[in-house]
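Participant: Sending over a structure as structure tokens; questions will come in a sec.
The values are calculated or read from the model by the stated rules, or taken from the named source; none is laboratory data. What you see is a predicted model, and the numbers here were worked out from it, not measured in a lab. Quick reminder, even Gly has a Cβ in these numbers, built from the backbone with ideal geometry, and neighbours come from all protein chains shown. Only protein heavy atoms, including side chains, enter the accessible area calculation; ligands, DNA and RNA are left aside. Shrake-Rupley method; radii C 1.70, N 1.55, O 1.52, S 1.80 Å.
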Amino acid sequence: SIAMITAIGDKRLARRFALATSSLTIKLLESEDPEWRDEIVLKIARDVFGMDVRRDNRVVGGIAYDYSLGLKDYLRGALAFNRLEWKLVNRVVERGRVPVTAHELLRLLKDRVMEHVLSLVERAGKIRALPSPVEEAIRELRGKMPAAIQLELAAVKSGPETWPPCMRTIADRLMAGENISHFANFAFAAFLSNIGFEPHEIIRFYANRPDFKERIAKYQVEHIAGLRGSRTKYMTPSCSTMKTNGLCIKDGALCGGIRNPLAYYRRATKKIRKIDKNKAEVGGERGEAGGEVIGDSGPNGDTPSDQQISGNPR
Ligand code: SF4
């Protein structure tokens, strides 16, 4: 499979394959007899992934833990999760170790398996000669694969030159088909919704994700846009919330002390409108003087400068 994925050379396919393999691995481990499953899990975590993990059966605060992880290994996995129970402030930490349940260790392992499969695909490099039936299967698969969504970012309304670095980074990662945290997904969708993107335009950004399901994405985006449920449009998370979730770029050094990513967008669109206006005026003057008129440089009518945000930025 690795050889075929490598030969096809599609990053989205590689990610989908890695995700499917890691989900299957965890499912198989979960279905093992608990008597020896724990030993296998321990062995994989230590020997394959070099994790600092120990058997550590104890009950703390009514929770039965099965293992403990070194802080570094815990953080490496847990930082990608949004649920409150993974946040370090909500965990027991003792002498640099964090107790985890068997279920939590499996969840952390799942991401390691996915990374491992992706690294195998990367390391396989360029596959030259494959048996002809395999070549044929590869051709067939290529023909069946949907084309990657290549958004002409410069062409989309309110183009990314007006977006703050955090949102541009999320967009780049989504375009590359990377799996990003739930919070990053939410923040990006809320941002786009608040600058005037329609749900179907927002969903296109998520189509390259390895686990993309249009029906679910549509439901979630419509919810964020306030078209479902409580009908409240979600605000774009504040810069401090973005920082807490590890999504702020260079600790805000590129953004001039703003408190919400929308402030960056407003400032940037205002600047662009001003430049366009100046250009139009110069063009007009040149036209009157018989010079060349600068064409199509007027204000971008798509810019939703009058977009209302429901509620106050956090
Ligand atoms: S300061 Fe705010 S807008 Fe700028 S990168 Fe950080 S979170 Fe994004």
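Participant: Among (1) among the charged types (D, E, K, R); (2) under 30 Å from residue 138 (Cα atoms); (3) touching a residue at least 12 places away in the same chain (Cβ under 8 Å), which single condition is residue 55 missing?
Facilitator: Going through the list (1) among the charged types (D, E, K, R); (2) under 30 Å from residue 138 (Cα atoms); (3) touching a residue at least 12 places away in the same chain (Cβ under 8 Å), residue 55 breaks only (2).
Participant: Within the bounds of segment 261-269, is there any residue that is buried (at least 17 other Cβ atoms within 10 Å of the Cβ), among the β-branched types (Val, Ile, Thr) and assigned to a loop (DSSP other than H, G, I, E, B)?
Facilitator: No, that holds for no residue.
Participant: Looking at this structure, is residue 93 surrounded by 14 or more Cβ atoms within 10 Å (Cβ to Cβ) and more than 21 Å from the chain's Cα centre (by Cα)?
Facilitator: No: the conditions fail for residue 93.
Participant: Within segment 217-230, does at least one residue satisfy the condition of being open to solvent by less than 30 Å² (accessible area, probe 1.4 Å), within 16 Å of the ligand (Cβ to nearest atom) and in contact (Cβ under 8 Å) with a residue 40 or more places away in the chain?
Facilitator: Within segment 217-230, not a single residue is open to solvent by less than 30 Å² (accessible area, probe 1.4 Å), within 16 Å of the ligand (Cβ to nearest atom) and in contact (Cβ under 8 Å) with a residue 40 or more places away in the chain.
Participant: Report yes if residue 44 is closer than 30 Å to residue 122 by Cβ, open to solvent by 40 Å² or more (accessible area, probe 1.4 Å), modelled with pLDDT of 90 or more and not acidic (Asp, Glu), otherwise no.
Facilitator: The answer is yes for residue 44.
Participant: Hey, another quick one. Answer yes or no as to whether residue 130 is closer than 30 Å to residue 16 by Cβ and open to solvent by 30 Å² or more (accessible area, probe 1.4 Å). Walk me through it before giving the result.
Facilitator: On the way: closer than 30 Å to residue 16 by Cβ: yes; open to solvent by 30 Å² or more (accessible area, probe 1.4 Å): yes.
Taking the combined requirement at face value, the residue satisfies it.
Participant: If a residue must be assigned to a loop (DSSP other than H, G, I, E, B) and either within 27 Å of residue 12 (Cα to Cα) or not polar (S, T, N, Q) (or both), how many such residues does segment 221-238 contain?
Facilitator: Step one: of segment 221-238, the residues assigned to a loop (DSSP other than H, G, I, E, B) are 225-238.
So of that shortlist, the ones also either within 27 Å of residue 12 (Cα to Cα) or not polar (S, T, N, Q) (or both) come out as 225-229, 231, 233-235, 237.
Adding up the residues that qualify gives 10.
Participant: Does segment 278-292 contain any residue that is more than 30 Å from residue 20 (Cβ to Cβ), touching a Pro at 6+ places or on another chain (Cβ under 9 Å), open to solvent by 40 Å² or more (accessible area, probe 1.4 Å) and modelled with pLDDT of 75 or more? Write out each step before concluding.
Facilitator: Pass one, segment 278-292, residues more than 30 Å from residue 20 (Cβ to Cβ): 278-292.
From the residues that got through so far, the ones that are touching a Pro at 6+ places or on another chain (Cβ under 9 Å) too are 280.
Narrowing further to those that are open to solvent by 40 Å² or more (accessible area, probe 1.4 Å): 280.
Next, only the ones that are modelled with pLDDT of 75 or more stay: none.
Looking through segment 278-292, none of the residues is more than 30 Å from residue 20 (Cβ to Cβ), touching a Pro at 6+ places or on another chain (Cβ under 9 Å), open to solvent by 40 Å² or more (accessible area, probe 1.4 Å) and modelled with pLDDT of 75 or more.
Participant: Can you tell me which residue within segment 231-240, out of those that are open to solvent by less than 80 Å² (accessible area, probe 1.4 Å) and either outside the structural domain of residue 196 (by TED's automatic domain parsing) or not hydroxyl-bearing (Ser, Thr, Tyr) (or both), is nearest to the ligand (Cβ to nearest atom)?
Facilitator: 239
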